[in-house]
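**Q** Starting off with a structure, shown below.
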Amino acid sequence: MDALTALRLQIEWGADEALEAEAVNRLRPAPTRAPALAVAPHDSASESVAPARRAATPTGATTARVAPTERAINAAADATTLAGLRAAIAAFDGSALRDTATNLVFLEGDPACGLLFVGEAPNADADRTGSPFAGPVGAYLELMLRSIGLERSALCLAPLIPWRPPGDRPPSAAEVATCLPFLHRLITLVGPRRIVTLGPLPARALLGVTTLRRRTPPVWTDTAIPGVATKIPILPMPSVAILLRTTTQRRHAWADLRLLRHSLDANFTHT
């Protein structure tokens, strides 16, 4: 079989592109070329001194390396609006999760509602749509909310971190620490009167506890958030994904929801 016949055969089989012999790492930074050195045309002394001076101070070498968490703190602090915060997160390159995620997952809902739900890391559905609590998890959350007379569109929903970890693995402690300043700034800009955490990771990140005691009666915990003048009551709940898989947890979640409804009726209607 000659090459032309083999090519026609592959086209008939549906082949529409040529493949490399080896896989291409598309996350690898492109090689950079050193900038050309400008040479003064009429000054031979400067021709010999200037290149040496430029070589001693290469571009970017004088900038000290800053830890990703500190860079996130600085970037978040510069954001004065939610749109500015979203742009700062999109431009932040201190986490490798940004390079592997399909979409940035940010705040959704009504910032003026006074109630913020913080979930765990985005899953595959959230990563695909760019919306927190997407897919079956989102549908079940809407059922939970409706059981106490709440609508998703009237609340604020946000993930613990803005990008999905590959394979839906749990985010590492370093990844959470790097992204946490953005969540703190989001809370500062939204100004919720109450926060509900869905899952152990957001509860640990905001409450500062290493273990969650379950199952004691649900309670609100007044918590200090960096950048917020007053403490915010936080109610930890199981993650929606766990509730979908484990029916025995739903009874405890119902107790949490009843406390939430009672708190809303007791406080929000009198403000």
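Please treat every number below as a calculation from the coordinates, not as lab data. Please read these numbers as outputs of a predicted model, since none were measured by experiment. Backbone-built Cβ (ideal geometry, glycine too); neighbour counts: all protein chains shown.
**Q** For a test of the definition: using alpha carbon positions, the gyration tensor, and the 1.5 limit on a/c, classify region 160-249 as rounded, prolate or oblate.
**A** The shape class here is oblate.
**Q** Given H placed on each backbone N at 1.01 Å, which residues far from Phe117 in sequence or on other chains put an amide H within less than 5 Å of it?
**A** For Phe117, whose amide H was placed from the backbone, the distant partners under 5 Å are Cys156, Leu157, Ala158, Val196.
**Q** Which loop trypsin sites (Lys or Arg not before Pro) in region 230-262, with loop taken from DSSP, have no more than 15 other Cβ atoms within 10 angstrom of their Cβ?
**A** Of the trypsin sites (Lys or Arg not before Pro), the ones in loops of region 230-262 whose Cβ has at most 15 other Cβ atoms within 10 Å are Lys231.
**Q** How much net charge surrounds Ala205 when only the other residues with a Cβ under 12 Å from the Cβ of Ala205 are counted, with Lys and Arg +1 and Asp and Glu -1?
**A** Summing Lys and Arg as +1 and Asp and Glu as -1 gives -1.
**Q** Is the shape of region 68-270 rounded, prolate or oblate, going by the alpha carbon gyration tensor and its root eigenvalues a ≥ b ≥ c, with a/c under 1.5 for rounded and a/b larger than b/c for prolate?
**A** Here region 68-270 falls in the prolate category.
**Q** How far is it, in nm, from the label point at Leu143 to the one at Ala177 when both lie 7 Å from their Cα along the line to the Cβ?
**A** 3.9
**Q** Between the alpha-carbon centers of region 108-184 and region 190-266, tell me the distance in whole angstrom.
**A** 14
**Q** Further question on the same structure: So if we plug the beta-carbon distance of Ala91 and Gln10 into 1/(1 + (r/R0)^6) with R0 = 35 Å, what FRET efficiency do we get, rounded to 0.05?
**A** 0.25
**Q** Which value in nm describes the separation of the simple spin-label points at Glu151 and Arg245, placed 7 Å from the Cα toward the beta carbon?
**A** 3.3
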